[in-house]
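Read through the structure below, which is laid out as structure tokens, and then see the notes.
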Amino acid sequence: MTKPAFDETIHAPNRLQICAMLAAVESAEFSVIRDGLEISDSVLSKHVKVLQTSGYVKVTKTSGKAPRSTWLTLTPAGRKALAGHLAELRRIADMADLPT
Amino acid sequence: MRPESPDAAAARAALNDVTAARARVLRHVTRPWWYHYGLGAAVILFFFSISFRFASFGAPIMALTVLGLAAAHKRATGVVFSTTGTMGAKRTLLFVGVILALIGTAMYLEYGRDVVGAHAVAGVVIGVLIVVASYRTDAAIRRELRADHDQAGL
């Protein structure tokens, strides 16, 4: 059972969705997340940078003859923080359902 | 400045956004038809190469095909997802058992009884089984990821 823990870094709507999308897979290409969220490259880059600085997302750039691509992976720390944050959101949502 | 904790309505809205975001990425969690059939074809070719004595070509071709399919699939879908543990331990054991039994029978027939083409026949059966298992694994992954109890995908 994950301990509920509010996470300021993940709380921003776009960052929460980025983490949720990355949690469903091992890694995803930058364009998949960008198109999924319908945001621009620069906006996604900004959020990824914040998550990367917090150690929640790992960024890998491919090299070689094929066109370069950027892959994003949620780190174990990111998975843990997301799980805690979602548990906290569920706790808050459930509290409203309790009889007063 | 520390953001305030959301109220119940905002928390529910955020959880709904999470579910929607996961649904969008789940559209990519599927391997194209050519991946499944390519894998099956590579395996069939390998077993044909054993039966008809061109294994020195068949084995590297199979290895390159599998690696090429994995790379092409990654580029085509834009996601990498784990397939380990999806079939369950019992089904995996059964699947491996059937494959080994087919290979064992083919070896016995081809090398012990001089039945030419036994590996090729076994290869066709194994190739078909691999295509079916590959499709079923994809479906199981999507089911698993959609399951409510795994809402965070963790």
ask   = Whole-Å semi-axes of chain A's equivalent ellipsoid, largest first, each the root of 5 times a Cα gyration tensor eigenvalue?
value = 30, 13, 11
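Please report how many Lys pairs in chain A have alpha carbons closer than 21 angstrom, counting only residues at least 8 apart along the chain or sitting on separate chains. Please report the intermediate quantities before stating the final value.
Details: A:Lys3/A:Lys80; A:Lys46/A:Lys58; A:Lys46/A:Lys61; A:Lys49/A:Lys58; A:Lys49/A:Lys61; A:Lys49/A:Lys80; A:Lys58/A:Lys80.
Total qualifying Lys-Lys pairs in chain A comes to 7.
Quote the total accessible area buried by chains A and B together, excluding ligands, DNA and RNA, probe 1.4 Å, nearest 100 Å². Display every interim value, and only then the final one.
Details: alone 6560 and 10380 Å², together 14210 Å².
The buried area between A and B, both sides summed, comes to about 2700 Å².
Taking every residue in A:77-90, how many Cβ atoms of other protein chains lie within 10 Å of its Cβ, on average?
So the per-residue partner count for this stretch is 3.
Grab the beta carbon distance between B:Tyr135 and A:Thr73, set R0 = 25 Å, and tell me the FRET efficiency rounded to 0.05. Can you show the working numbers first?
Numbers: r = 26 Å, r/R0 = 1.05.
So the FRET efficiency works out to roughly 0.40.
What is the percent of Cα-Cα separations in chain B that go past 26 Å? Mind dumping the intermediate values first?
Numbers: 5183 of 11781 pairs.
The calculated P(r) of chain B puts 44 percent of pairs beyond 26 Å.
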note = Interchain or sequence-distant (5+) residues whose placed amide H lies within less than 5 Å of the amide H of A:Thr75 are A:Val57, A:Lys58
note = Connecting every pair of Cα atoms under 10 Å apart in chain A and solving the GNM, the largest mean-square fluctuation among A:Val48, A:Val57, A:Val32 falls on A:Val32
inquiry  = Could you give the length gained by full extension between B:Val96 and B:Asp7, i.e. 0.36 nm per residue of separation minus their alpha carbon distance, to one decimal place?
reply    = 26.9 nm
request  = Would you jot down the residues in region B:13-31 that end up with at least 50 Å² less accessible area in the complete protein assembly than in the chain alone, with a 1.4 Å probe?
outcome  = B:Leu15, B:Val18, B:Arg24, B:Val25
message = Given the C-alpha atoms of region B:12-73, compute the convex hull and give its volume per residue in Å³.
response = 72 Å³
message = Once each part is reduced to its C-alpha centroid, what is the distance from region A:73-89 to region A:35-58 in angstrom?
response = 16 Å
key: Nearest-ten-degree value, helix B:33-51 long axis tilted from longest Cα axis of chain B   = 20 degrees
note = In the protein assembly as shown the accessible area split gives carbon plus sulfur, as whole percent at 1.4 Å, a share of 63 percent
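About the Cα centre of chain A, what is the dipole size in debye to 20, counting +1 per Lys and Arg Cβ and -1 per Asp and Glu Cβ, all else neutral? Intermediate results must be reported in sequence, preceding the final value.
Values: 13 positive and 10 negative charges, 96 e Å.
Dipole about the Cα centre, nearest 20: 460 debye.
Give me D for the protein assembly as shown in µm² s⁻¹, whole number, from Stokes-Einstein with Rh from the Kirkwood sum over alpha-carbon pairs, 25 °C and 0.890 mPa s. Display every interim value, and only then the final one.
On the way: Rh = 20.8 Å.
Stokes-Einstein gives a translational diffusion coefficient of 118 µm²/s.
Can you tell me the dipole magnitude for the protein assembly as shown around its Cα centre, using point charges on the Cβ only (Lys, Arg +1; Asp, Glu -1), in Debye to the nearest 20?
Working: 29 positive and 19 negative charges, 98 e Å.
Here the size comes out at about 480 debye.
Where the only charges are on Cβ atoms (+1 Lys, Arg; -1 Asp, Glu), what is the dipole of chain B about its Cα centre, to the nearest 20 debye? Could you put the intermediate results ahead of the total?
On the way: 16 positive and 9 negative charges, 35 e Å.
With Lys and Arg at +1 and Asp and Glu at -1, about 160 debye.
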Buried on assembly, region A:33-61 (at least 30 Å² less accessible surface than by itself, 1.4 Å probe) = A:Gly36
query = Taking H as built 1.01 Å from N, whose amide H comes closer than 5 Å to the amide H of B:Phe52, not counting residues under 5 places away?
reply = none
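The values are calculated or read from the model by the stated rules, or taken from the named source; none is laboratory data. Being a predicted model, the structure only gives us computed values, none of them experimental. Counting neighbours? That spans all protein chains shown, and the Cβs are built from the backbone with ideal geometry, glycine included. For accessibility, only protein heavy atoms count, side chains too; no ligands or nucleic acids. Shrake-Rupley method; radii C 1.70, N 1.55, O 1.52, S 1.80 Å.
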